[in-house]
Amino acid sequence: MPAGNFSFPSLFRTWIPPANRTYDCTIVEAARATTADPTFFKSIEFGEPIRLTYLDGGLRCNNPVKYVIDEARSHFPDRLISCVLSLGTGAANVIGLERPDATNFIRILKAIAADCEICSEETARSSAAQSFSYFRLNVDQGLQTVSLAEWEKLEVVNLHTLQYLRKHDVGEKVNRLVQVLKGLP
């Protein structure tokens, strides 16, 4: 996201779009921009002729599925989208306010701004009307207490991911995804 205006994310592309072309950045610049969460990594500045400062879009665009669908339609206007796969990083705890004080209110606002599930739910609801299959894989239990800073807890992430994939309904969803990707009815 451009640090000076969070209205829309910057879309870094490997192709030239018909409209709203952006600076042709390097893969390193794009990766740095999309991971520049101010609590972990510094912002990055690039662009020509005007340099912009970029931050991670986690507070505005933590689940970019709508933008991915729009990009696909823009790049391939005469083709139907058959399937969209959205991979989550683990379901968050329930967002709620236990005590109405300033500290808890700020925590709630941050959780709401970073929530991915509302966007996923909206996409799931609209996918049938738009004639494409939508799949969201997102570990539902066990990762709520693992923060981004806790990269050393990879074994915990792995364990809960494997257990999630062993669930019957998740296995069915993955099997259906494979069928769709193979072009089977």
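Some values worked out for this structure:
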| quantity | calculated |
| --- | --- |
| One residue from A114, A92, A102 being at pLDDT below 80, of a type in the set (A, V, I, L, M) and in contact with a helix residue (DSSP H, G or I) (Cβ under 7 Å, 6 or more places away or on another chain) | A92 |
| Near pairs, Cβ below 6 angstrom, 6+ apart or cross-chain, from region 80-93 (under 14 Å from A128 (Cα atoms)) to any residue that is among the hydroxyl-bearing types (S, T, Y) and not in a loop (DSSP other than H, G, I, E, B) | C83/S133; V84/Y134 |
| Qualifying positions in region 139-185 - touching an Asp or Glu at 6+ places or on another chain (Cβ under 8 Å) and closer than 14 Å to L85 by Cβ | none |
| Failed criterion for K66 (all others in (1) of a type in the set (D, E, K, R); (2) more than 14 Å from the chain's Cα centre (by Cα); (3) closer than 30 Å to V174 by Cβ hold) | (2) |
| Pairs, first exposed (fewer than 14 other Cβ atoms within 10 Å of the Cβ) in region 1-16, second aliphatic (A, V, I, L, M) and assigned to a strand (DSSP E or B), C-beta under 8 Å, six or more apart | G4/L52 |
| Residue list for region 79-119, restricted to those being closer than 30 Å to V174 by Cβ and of a type outside the set (A, V, I, L, M) | R79, S82, C83, S86, G88, T89, G90, N93, D115, C116, E117, C119 |
| Answer from G96, G47, G88 - the residue that is in the same structural domain as V178 (by TED's automatic domain parsing) and buried (at least 16 other Cβ atoms within 10 Å of the Cβ) | G88 |
| Filtered residues of region 110-165 (kept if small (G, A, S), without any contact (Cβ under 8 Å) to a residue 60 or more places away in the chain and not in a helix (DSSP H, G or I)) | A128, A129, S131, S133, G142, S147 |
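Quick grid of which residues meet (1) among the hydrophobic types (A, V, I, L, M, F, W, C); (2) surrounded by 11 or more Cβ atoms within 10 Å (Cβ to Cβ); (3) farther than 12 Å from A92 by Cβ:
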position	(1), (2), (3)
D115	no, yes, no
E122	no, yes, yes
Q130	no, yes, yes
Y134	no, yes, yes
N138	no, yes, no
W151	yes, no, yes
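The values are calculated or read from the model by the stated rules, or taken from the named source; none is laboratory data. As the structure is a prediction and not an experimental result, all values here were calculated from the model. With ideal geometry, Cβ positions are generated from the backbone for all residues, glycine too; neighbour counts draw on all protein chains shown.
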